[in-house]
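Report on the structure given below.
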Amino acid sequence: MKLAILGGGGFRVPLVYGALLRETNSRRVDEVALYDTDEARLASIAAVLTQMGQEPSASAQAGLAPPSVQCTSDLDEAVRDADFIFSAIRVGGLRARTCDERVALDLGLLGQETTGPGGIAYGLRTIPVVLQIASRVAALAPQAWFINFTNPAGMITQAMRSVLGSRVVGICDSPIALGRRAAHALGVDPERAAYDYAGLNHLGWLQGLRVDGVDRLPELIADRDALTRIEEGRLFGADWIADIGALPNEYLYYYDFTREALAGIRGSAQTRGEFLLEQQSAFYAQVAADPDSALSIWRRTRAERDATYMKEARAQGEERDAEDVAGGGYEAVALAIMAAISRGEPATMILNVANGSTLPGLPSDAVIEVACLVDGSGVRPLTPTPLRGRMLGLVQQVKHVEECTIRAASTRCAREAIAAFAQHPLVDSVGSARVLFEGYRNQIPELREVFGAG
């Protein structure tokens, strides 16, 4: 099988390749096409993958050769005849991400990559690009399944569905990491648990954790000591979790503790984007200078990256637990999707899919994030506990903003873009929305390409 990875020079690509090296089934991915517009980054990541393939692995022990790797800056070459396509592109790179954060912060608003104004700016410049990609995939690999990790994942998945329909599925490591951490805190094998999770990408709640038919989540919510052992318990506090009766996705911190999140980010020497821009620039430069050490450089850089994730939300000097760092794994989810579809191995996982009638109160074509059953016939969402009250209201408001953003980017309408900013719950006025849009357009060339110079 052929897997095309768009954004193939991205720092996290080795995680996907590492998952492929753990695969021992005879029907497995044996060809990987890496696509990226930056050939130097492609070469660096190819060096990392080559060295990973030379290490002992489950597939090597089974007598299987590591998947071949081809690098290309030609999109058509990458996707042609692919069975699966994995997308993790970043339009504008980390330089644009720093603008996503700083333009908002300069107005006293939350500056974050996917949540609030930064997520809207990210979506506005990304949607035209992914729609072009979708059209090429439809022409050259119409039977391929498209696995989207490009952020904002729910918004991008929904935009691409207009071209690729149900064959595009969004993934994120946050909800499954939340579920696994909750299971570990209860002393439960995460593989035995069924997760009742619902919301949007980076805006959802774990409302139940069933083991042998029994919901164990109330037990965890009532156990303050157990809650302190997981990231979400420390972020939100036992009292707030008890008040809402659910475990929030870590990104809800930006909605529930906006003032504290803003103070934490503004009090840091760097935004997250600025840290990653500096760190990854150094990584690619080091690999270019010493390609024989590519894998060890990547592992060292990854450890630092993971340990500092959402640092602004933790107390000064507090380090992230090793279990929290290891709790995710979007690469494992991507591999599980491919295995379930290509080999008919049923699996349940939390994905971004079209709503249909799954979550009352949202349009049928809205992309939501819920547990799904995946098998040889495709992806089917499972019915979660309905969202109510503030949870439903917040999801409805943010989904409306996502729809405005998709329309604005698709039609290149500046007024619609400003409306998207103005209606987001983390933007405080229509005036601020106008300033945000002009600030982003002035500082991000890729956004000017969509909406003109103004």
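Given (1) in contact with an Asp or Glu (Cβ under 8 Å, 6 or more places away or on another chain); (2) over 20 Å from Ile341 (Cα atoms); (3) not small (Gly, Ala, Ser), identify the lone condition not met by Cys99.
(1)
Being free of Cβ contacts under 8 Å to residues at least 40 places away in the same chain and farther than 18 Å from His184 by Cβ is the filter here; which residues of the range 217-246 pass it?
Gly237, Asp239, Trp240, Ala242, Asp243, Gly245
Where residues in the range 373-385 are closer than 24 Å to Pro248 by Cα and touching a residue at least 60 places away in the same chain (Cβ under 8 Å), which of them is farthest from the chain's Cα centre (by Cα)?
Let us first name the residues in the range 373-385 that are closer than 24 Å to Pro248 by Cα, namely 373, 380-385.
Pick out the ones that are also touching a residue at least 60 places away in the same chain (Cβ under 8 Å) and you get 384-385.
Working: Pro384: 21, Thr385: 23 Å.
Looking at residues that are closer than 24 Å to Pro248 by Cα and touching a residue at least 60 places away in the same chain (Cβ under 8 Å), I get Thr385.
Between Ile337, Ile406, Ile350, which is surrounded by 14 or more Cβ atoms within 10 Å (Cβ to Cβ) and over 21 Å from Ser174 (Cα atoms)?
Details: Ile337 fails: over 21 Å from Ser174 (Cα atoms); Ile350 fails: over 21 Å from Ser174 (Cα atoms).
From the options Ile337, Ile406, Ile350, the qualifying one is Ile406.
Just need a number here: residues in the range 268-294 that are hydroxyl-bearing (Ser, Thr, Tyr) and over 24 Å from Gln51 (Cα atoms).
2
I need the full set of residues from the range 34-92 which are small (Gly, Ala, Ser), surrounded by 19 or more Cβ atoms within 10 Å (Cβ to Cβ) and part of a loop (DSSP other than H, G, I, E, B), in order please.
Ala82, Ala88, Gly92
Given the conditions (1) part of a helix (DSSP H, G or I); (2) farther than 29 Å from Glu402 by Cα; (3) at pLDDT below 95; (4) among the aliphatic types (A, V, I, L, M), report the number of the one that Ala269 does not fulfil.
Condition not satisfied by Ala269: (1).
Condition first: of a type in the set (Gly, Ala, Ser) and either within 19 Å of Ile176 (Cβ to Cβ) or buried (at least 17 other Cβ atoms within 10 Å of the Cβ) (or both). Now tell me which residues in the range 223-264 satisfy that.
Of everything in the range 223-264, those that are of a type in the set (Gly, Ala, Ser) and either within 19 Å of Ile176 (Cβ to Cβ) or buried (at least 17 other Cβ atoms within 10 Å of the Cβ) (or both) turn out to be Ala226, Gly233, Ala238, Ala246, Ala261, Gly264.
Answer yes or no: is there a residue in the range 72-88 that is closer than 26 Å to Val370 by Cα, under 17 Å from the mean Cα position of the chain (by Cα) and without any contact (Cβ under 8 Å) to a residue 60 or more places away in the chain.
Within the range 72-88 (the criterion being closer than 26 Å to Val370 by Cα, under 17 Å from the mean Cα position of the chain (by Cα) and without any contact (Cβ under 8 Å) to a residue 60 or more places away in the chain), the answer is no, since none of the residues qualifies.
State all residues of the range 55-70 that are in contact (Cβ under 8 Å) with a residue 12 or more places away in the chain and small (Gly, Ala, Ser); if no residue qualifies, say none.
Selection gives Ser57, Ala58, Ser59, Ala60, Ala62, Ala65, Ser68.
I'd like to check which helices (runs of 4 or more DSSP H) are fully inside the range 113-220 and have at least 1 residues that are modelled with pLDDT under 95 and not β-branched (Val, Ile, Thr).
173-185
The values are calculated or read from the model by the stated rules, or taken from the named source; none is laboratory data. It should be emphasised that the depicted structure is a prediction, and the values quoted were computed from it without experimental measurement. With ideal geometry, Cβ positions are generated from the backbone for all residues, glycine too; neighbour counts draw on all protein chains shown.
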